1. LEU82 passes all but one of (1) farther than 12 Å from TYR160 by Cβ; (2) touching a residue at least 40 places away in the same chain (Cβ under 8 Å); (3) not in a loop (DSSP other than H, G, I, E, B); which number fails?
2. Among the residues of the range 34-56, count how many are free of Cβ contacts under 8 Å to residues at least 40 places away in the same chain, part of a helix (DSSP H, G or I) and buried (at least 18 other Cβ atoms within 10 Å of the Cβ).
3. Using the structure shown, decide if GLY63 is assigned to a loop (DSSP other than H, G, I, E, B), small (Gly, Ala, Ser) and surrounded by fewer than 20 Cβ atoms within 10 Å (Cβ to Cβ).
Amino acid sequence: MGIGHRFESTKNAVPIFGKILTMEARKALVLGGTGLTGSLLVQELLAHPGYEKITCYVRKPSGLSHPKLVEQVVKLDSHQGLTEADDVFCCLGATIKTVKTREAFQLVDLHAPLHIAKLQLAAGSQRFLVVSAAGANENSSVFYNRVKGKLEKGLKGLGYPLLVILQPSFILGQRKESRPLEKLGLTVAQWLSPLLISRFKKYIPVQAAAIAKALVHYAWNSRNGVYTIPSDRIKAWEQPATSLDQGN
C-alpha cells in the first residue's frame, strides 16, 4: 500500500455483564515486542478483545504463536513498508553496553522510532504510544536522557491525533540480559522509594507489567492530544483496579 492510504477499522461484538456491546476492532503495531516491557505488552494486546491483529517488527522470530499475531523480520531504520495499524506501540530500548556505540544506541532509541512513526502516520495510524524515560530532556547533560528528549520532541512534531509518552524510572522485571549498573541503581532506588517526596515521585521504580497495562489503557481511554505519564502514575497499575485513574 502506498503512502497516504488510510486504513479502516471494523467492529467486534463484546459481551460485558451479559450484554453485547460493540467495540471498535483495532489493529496494532508493536516495536520492541521481544524485550522485557514489549513482550508483556504483546500478551496484553493478544488478550484484549478490542484488537483483532497485532503485528510485531522483530529482528528475529520470537517463537510465539497466536492467531492474532503476525511477526515481521525488518531492519527498522531502513524499513519502508506500511503496516495496517490503528495503534502503534514503541517499546524500543537499548544500552550502550549491548550495542557498543552511541551511534548504534541512537539508531535504536531515536532514529528507528521516528522513522517508523513517520511512515505509520502517513499510512493512517491514529495513535502512537511510546515508552520513554524519567528525566527525558533534549538539553540534558546525560546522554541517555538527551536522546530520549530528542525522541519525544520529534514525535510531538509529527502531529499524531493521540501521542502518549510514558516516562518510567527504573523498570522492574526479569530481563534476558544482565545490566549490573542498572541493577545497582535499581536497588538503591527501591530502598529510597518510600522516602521520595512529591517532586521526586517521577523517579520511583515501576514494574514492566504495569507499563504494559498502562499503554493499553491509555490507547483506549484518552481523548486526542499529547500526554506525558510519569513513573508514579504508571505505578498505579501495580495496585488493585479500584485505585487506577480512569482516563485523561
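The values are calculated or read from the model by the stated rules, or taken from the named source; none is laboratory data. From a predicted model like this one, the values you see are computed outputs, not experimental measurements. Every residue, glycine among them, receives a Cβ derived from its backbone with ideal geometry; neighbour counts consider all protein chains shown.
1. Failing condition for LEU82: (3).
2. Filtering the range 34-56 down to residues free of Cβ contacts under 8 Å to residues at least 40 places away in the same chain leaves 34, 39, 42, 46-47, 49, 51, 53-56.
From the residues that got through so far, the ones that are part of a helix (DSSP H, G or I) too are 39, 42, 46-47.
Add one more test, that the residue is buried (at least 18 other Cβ atoms within 10 Å of the Cβ), and what stays is 39, 42.
Residues flagged as free of Cβ contacts under 8 Å to residues at least 40 places away in the same chain, part of a helix (DSSP H, G or I) and buried (at least 18 other Cβ atoms within 10 Å of the Cβ) within the range 34-56 amount to 2.
3. Working: assigned to a loop (DSSP other than H, G, I, E, B): yes; small (Gly, Ala, Ser): yes; surrounded by fewer than 20 Cβ atoms within 10 Å (Cβ to Cβ): yes.
Here the answer is yes, as GLY63 does meet what is asked.
Conditions tested, residue by residue: (1) outside any helix (DSSP H, G or I); (2) within 12 Å of the chain's Cα centre (by Cα); (3) at pLDDT 95 or above.
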| site | (1), (2), (3) |
| --- | --- |
| ALA209 | no, yes, yes |
| ALA212 | no, yes, yes |
| ALA219 | no, yes, yes |
| ILE229 | yes, yes, yes |
| ASP232 | no, no, no |
| LYS235 | no, no, no |
| GLN246 | yes, no, no |
